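The values are calculated or read from the model by the stated rules, or taken from the named source; none is laboratory data. Source: prediction; values computed, not measured. Every residue, glycine among them, receives a Cβ derived from its backbone with ideal geometry; neighbour counts consider all protein chains shown.
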Amino acid sequence: MSAGLKSIEKLKYSDENSFLLIAGPCAIEGRDMAFRIGEKIAEITDRLRIPWIFKGSYRKANRSKLDSFHGIGDEKALNILRDVGEEFEVPVVTDIHADEEAAMAANFVDVLQIPAFLCRQTSLLQAAAETGKWVNIKKGQFMSPESMKFAVDKVKSSGNSRIMLTERGTFFGYGDLVVDFRSFSAMNSIAPLTVMDCTHSLQQPNQSSGVTGGKPELIRVMARTGLAAGAKSLFIETHHDPNTALSDGKNMLLLDKLEPILKESLSVYQIVNPSP
């Protein structure tokens, strides 16, 4: 595990020979669901001694349809994120979409995430960097891994080197994504931490129904392969009942299936990254 990760507030097990897990629901739908999911992931990661950041979007700004779920209210959702972090003593991450959201969200969370579609937005990257928080930049579906250097440089220009780069696939036609696992070789050379987004790399966007599809049954494959290719972290969205989830239910992993995937992934990581 990268020594720099010790600077992430509240991160447990950073001394273990383990990948970093970023996991939680797609969106914060309410307090009870967030705590139910957080409690289960906390139990699993404590057993396996895997460092974990709780993920939840306080607002879903990029939706296909006007009537899609956007959130329960910014302040309400951000307070829930903060409370989950305090209850389970773990850091939390959420997406931001506009410059003014950076400082606001930074009051509640430990890591700010830049959505893939916005990874070239200079002012957004700089606003996130200026908070001093870790910044997770998702590689745009239209970007090469090498070109993410420029996004990293925009964050570093504000004096912040706490940067994660996330691979989430590249557009293939109109309705699918493909992951070039060579990207980790390139991105490992330009950022302290690389992340395999096992959820969104399996999305099937631009469906005629206006509801994004996905193949969560392949999350296990993406996790193993990403770690074998050099990723240092896994991003997995999970829910206790994806069929009733208000956002991206077709992409999320059933929470009960998380532990065996993490166990297997930990074995792969430790083979690729043996202890000294």
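Quick look at the values:
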{"read-out": "Scope the stretch 5-47; condition at negative phi and hydroxyl-bearing (Ser, Thr, Tyr); matching residues", "value": "SER7, SER14, SER18, THR45"}
{"read-out": "Residue that is farthest from LEU124 (Cα to Cα), among those in the stretch 150-183 that are among the hydrophobic types (A, V, I, L, M, F, W, C) and in contact with a helix residue (DSSP H, G or I) (Cβ under 7 Å, 6 or more places away or on another chain)", "value": "PHE181"}
{"read-out": "Subset of the stretch 235-252 (residues that are of a type in the set (S, T, N, Q) and buried (at least 19 other Cβ atoms within 10 Å of the Cβ))", "value": "THR238, SER247, ASN251"}
{"read-out": "Residue ranges of strands (runs of 3 or more DSSP E) in the stretch 78-170 with at least 1 members modelled with pLDDT under 95, on the phi > 0 side of the Ramachandran plot and touching a strand residue (DSSP E or B) at 6+ places or on another chain (Cβ under 8 Å)", "value": "none"}
{"read-out": "Among (1) at pLDDT 95 or above; (2) touching a strand residue (DSSP E or B) at 6+ places or on another chain (Cβ under 7 Å); (3) not charged (D, E, K, R), the one test that SER189 misses", "value": "(2)"}
{"read-out": "Among residues of the stretch 210-259, those that are part of a helix (DSSP H, G or I), within 19 Å of GLY30 (Cα to Cα) and not hydrophobic (A, V, I, L, M, F, W, C), counted", "value": "3"}
{"read-out": "Evaluation of GLY4 against (1) at pLDDT below 95; (2) among the small types (Gly, Ala, Ser); (3) part of a loop (DSSP other than H, G, I, E, B); (4) in contact with a Pro (Cβ under 7 Å, 6 or more places away or on another chain) (one fails), failing number", "value": "(3)"}
